[in-house]
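Report on the structure given below.
The values are calculated or read from the model by the stated rules, or taken from the named source; none is laboratory data. Just so you know, these numbers come straight off a predicted model, no measurement behind them. For neighbour counting, all protein chains shown are included, and Cβ atoms are generated from backbone atoms with ideal geometry for every residue, glycine included. For accessibility, only protein heavy atoms count, side chains too; no ligands or nucleic acids. Shrake-Rupley method; radii C 1.70, N 1.55, O 1.52, S 1.80 Å.
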Amino acid sequence: MTENSFTPRVFSGVKPSGGLQLGNYLGAIKRWVDMQGKMETIYCVVDLHAITVWQDPAELKNGTREIAAGMLAAGIDPTQSILFNQSQVAAHAELGWIFNCVARVGWMNRMTQFKDKAGTNAEQVSLGLYAYPSLMAADILLYHGTHVPVGDDQKQHVELTRDIATKFNHDFKTDFFPLTEPVIEGPAMRIMNLREGTKKMSKSGESDMERINMTDDADLIAKKFKKAKTDPEPLPETIDGLAERPEARNLVDIYAALDDKTPEAVIAEYAGAGWGKFKPALADLAVAKLSPISTEMARLMNDPAEIDRILGDGAEKARAIAEPILQKTYDIVGLLRS
Ligand code: TRP
């Protein structure tokens, strides 16, 4: 099995549960834009993953459009990337089933995200939530995806994807599926909650003050950064000084990611600065970088038919790649096609 016999192809996905927030933008979408033109890129709004927990139907549709609008506004170019929503390509669910029959229950039991999400309620969550990682493996392998840019919280799922590919290839004596690499780099791979520097920024967190939404206006962005939790110390002289200061580190990382700099460069610029200086600078930078995106997003959201058209075109292109791979998989497994 040679990993490099596959054409490099990027696949990644974002869940449409709730609106788009800064963590999705800096941690995912901004980096996806950077990968365009360098490799083949396929980006997916993973609505089938969203319904592993309850979604209000109208909000799910709206959220799918909002994520797509955010991706387009941030620079995902449908002539350079394939952009679509997962449920429009039935092959995801079909390959997902086959992978349910390859993956082992013991592997699923080790998934830390499932354990976190199910908590003490594991008997009551959906079967879909448990099988989520094998659908994710199907998303990626349906396109023979070789590179998956994700946050470090998704690393275990990409490793599971490799395990599924390895077992499938072994069981069926083939080298049909590639061993996908996670691509985890940059300061923004994990943007944290503004109120608790050890928790990921998320759309579902209970307080709106803990996240920056891509639809927040300038005043609200400034207010949220001003109220962001920090410690009383000024910024250190070197990056090592942030080691035990998760909230401070997070704000420096956000600044760095927004300004396309390293966190080290931000520290060099602001060494010794107090929060009274750094927070307003961060808020100004965020507003300058995000307002063109939110303006464009709002424009797109006024034209849902256009978003749907783009997703439909993307789904058609996605199917053209996915269908032959699914058919070949059926054939390998021994599923008869008339
Ligand atoms: N599980 C990912 C998340 O929660 C979303 C996702 C679904 C994904 N399928 C994917 C990411 C395939 C990368 C590749 O963020």
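Comparing Tyr143, Tyr43, Tyr130 in a Gaussian network model of the chain where C-alpha atoms under 10 Å apart are linked, the largest mean-square fluctuation is found at Tyr130.
Taken over the stretch 257-338, lysine pairs spaced eight or more positions apart, or on distinct chains, with alpha carbons under 30 Å apart number 6.
Compute the helix-to-body angle for 218-227: its Cα long axis versus the longest principal axis of the chain, expressed 0 to 90° and rounded to tens. Approximately 80 degrees, to the nearest ten.
Length gained on full extension, Ala58 to Ile239, computed as 0.36 nm times the residue gap minus the Cα-Cα distance: 60.7 nm.
For the chain, dividing the convex hull volume of the Cα atoms by the residue count gives 149 Å³ per residue. Amide H contacts for Val183 (H built 1.01 Å from N in the peptide plane; partners 5 or more residues away or on another chain; cut-off under 5 Å): Val148, Val150. Hey, if you put +1 on the Cβ of every Lys and Arg and -1 on every Asp and Glu Cβ in the chain, which of Gly18, Ile51, Asn250 ends up farthest toward the positive end of that dipole? Going by the Cα projections, it comes out as Ile51. Taking all protein chains together and rolling a 1.4 Å probe, Lys199 ends up with roughly 90 Å² accessible. How much of the DSSP bridge set in the chain is antiparallel, in percent, rounded to the nearest 5? So the antiparallel bridges in the chain amount to around 10 percent. Note on the chain: with a GNM built from Cα contacts shorter than 10 Å, the maximum mean-square fluctuation among Asp139, Asp171, Asp308 falls on Asp171. Here Glu264 sits with roughly 100 square angstrom of accessible surface, probe radius 1.4 Å. Positive-end ranking of Ala298, Ser5, Pro324 along the dipole of the chain, with charges on Cβ about the Cα centre, is headed by Pro324.
Each residue was assigned an accessible area with a 1.4 Å probe, and for His157 the value is about 0 Å².
Here the dipole of the stretch 208-299 is about 320 debye; that uses its Cα centre as origin and unit charges on the Cβ of Lys and Arg (positive) and Asp and Glu (negative).
Projecting label points 7 angstrom from Cα along Cα→Cβ for Asp308 and Arg110 puts them 4.4 nm apart. Restricting attention to the stretch 13-151, lysine pairs at least eight places apart or on different chains and with alpha-carbon atoms under 21 angstrom apart total 5. Within the stretch 208-299, the ratio Rg/Rh, alpha carbon atoms throughout and Rh by Kirkwood, equals 0.98. Of all the options Ala256, Ala93, Ala288, the one that moves most in a Gaussian network model of the chain with Cα springs shorter than 10 angstrom is Ala288. Taking each of Lys199/Lys224; Lys167/Lys200; Lys155/Lys199 in turn, the alpha-carbon distance tops 24 angstrom for Lys167/Lys200.
When Trp97, Trp32, Trp54, Trp107 are compared by accessible area at a 1.4 angstrom probe, the order from most to least is Trp54, Trp97, Trp107, Trp32.
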